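Colleague: Questions regarding the structure given below will be posed in turn.
The values are calculated or read from the model by the stated rules, or taken from the named source; none is laboratory data. Keep in mind that this is a model prediction, so the values were computed, not measured. Cβ coordinates were reconstructed from backbone atoms using ideal geometry, including for glycine residues, and neighbour counts include every protein chain displayed.
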């Protein structure tokens, strides 16, 4: 493949940053044309996700994923949200296989994995 998803995403993000808001519709149309012309249709979702991550970083925002074994109460969610910046985007995911604890991933990097599953895996290696 001539163009990587990362390269296309960086170029698209740069174009979005440098182009006035009023012309973003034209950018979207041209992006679709580029994807079609270069046969990148199957990678479009990956490119858009990477572009979104780049734009969030540019704006000083972070994408935070909080994984827990059980659904959190509203109070627990609010407590966790207070630990992050107001402009951070938090997602909560329930994964019963974690057994107990919490796992927090910021911008795709593991920040905290305090789950019983990880502790057991570490113990029995």
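Colleague: Only one of (1) free of Cβ contacts under 8 Å to residues at least 40 places away in the same chain; (2) within 30 Å of residue 15 (Cβ to Cβ) is not met by residue 75, so which one is it?
Modeller: That leaves (2) as the condition not met.
Colleague: Residues to consider are 70, 85, 30, 42; find the one that is part of a loop (DSSP other than H, G, I, E, B), more than 18 Å from the chain's Cα centre (by Cα) and at negative phi.
Modeller: 70
Colleague: Inside the stretch 93-122, can you point out the residues that are assigned to a strand (DSSP E or B), under 13 Å from the mean Cα position of the chain (by Cα) and modelled with pLDDT under 90?
Modeller: 109, 110
Colleague: Among the residues of the stretch 107-121, is there at least one that is within 30 Å of residue 16 (Cα to Cα) and surrounded by 15 or more Cβ atoms within 10 Å (Cβ to Cβ)?
Modeller: Within the stretch 107-121, not a single residue is within 30 Å of residue 16 (Cα to Cα) and surrounded by 15 or more Cβ atoms within 10 Å (Cβ to Cβ).
Colleague: Separate question: For the stretch 12-45, name all the residues that are under 24 Å from residue 87 (Cα atoms) and exposed (fewer than 15 other Cβ atoms within 10 Å of the Cβ). Spell out the reasoning first.
Modeller: Residues of the stretch 12-45 that are under 24 Å from residue 87 (Cα atoms), as a first pass: 12-22, 24, 45.
The answer is 14, 17, 18, 19, 20, 21, 22, 24, 45.
Colleague: Another question, then. Among the residues of the stretch 70-98, which ones are in contact with a strand residue (DSSP E or B) (Cβ under 7 Å, 6 or more places away or on another chain) and within 21 Å of residue 119 (Cβ to Cβ)?
Modeller: 70, 72, 80, 93, 94, 95, 98
Colleague: Looking only at the stretch 1-27, count every residue that is free of Cβ contacts under 8 Å to residues at least 12 places away in the same chain and in a helix (DSSP H, G or I) and tell me the total.
Modeller: 10
Colleague: Also, I was wondering about something else. Test of understanding: among 44, 33, which residue is more than 18 Å from residue 58 (Cα to Cα) and touching a helix residue (DSSP H, G or I) at 6+ places or on another chain (Cβ under 6 Å)?
Modeller: When all the criteria are applied, what remains is 44.
Colleague: Moving on to the next point. Within the bounds of the stretch 60-69, is there any residue that is loosely packed, with under 12 Cβ neighbours inside 10 Å, free of Cβ contacts under 8 Å to residues at least 40 places away in the same chain and closer than 23 Å to residue 7 by Cβ? Break it down stepwise before answering.
Modeller: Taking the stretch 60-69 first, the residues loosely packed, with under 12 Cβ neighbours inside 10 Å are 60.
Those still in the list that are free of Cβ contacts under 8 Å to residues at least 40 places away in the same chain too: 60.
Restricting the remaining residues to those that are closer than 23 Å to residue 7 by Cβ gives none.
Scanning the stretch 60-69 turns up no residue that is loosely packed, with under 12 Cβ neighbours inside 10 Å, free of Cβ contacts under 8 Å to residues at least 40 places away in the same chain and closer than 23 Å to residue 7 by Cβ.
Colleague: Quick check on residue 50: is it farther than 21 Å from residue 62 by Cα and either out of contact with any strand residue (DSSP E or B) (no Cβ under 6 Å at 6 or more places or on another chain) or not in a helix (DSSP H, G or I) (or both)?
Modeller: No: the conditions fail for residue 50.
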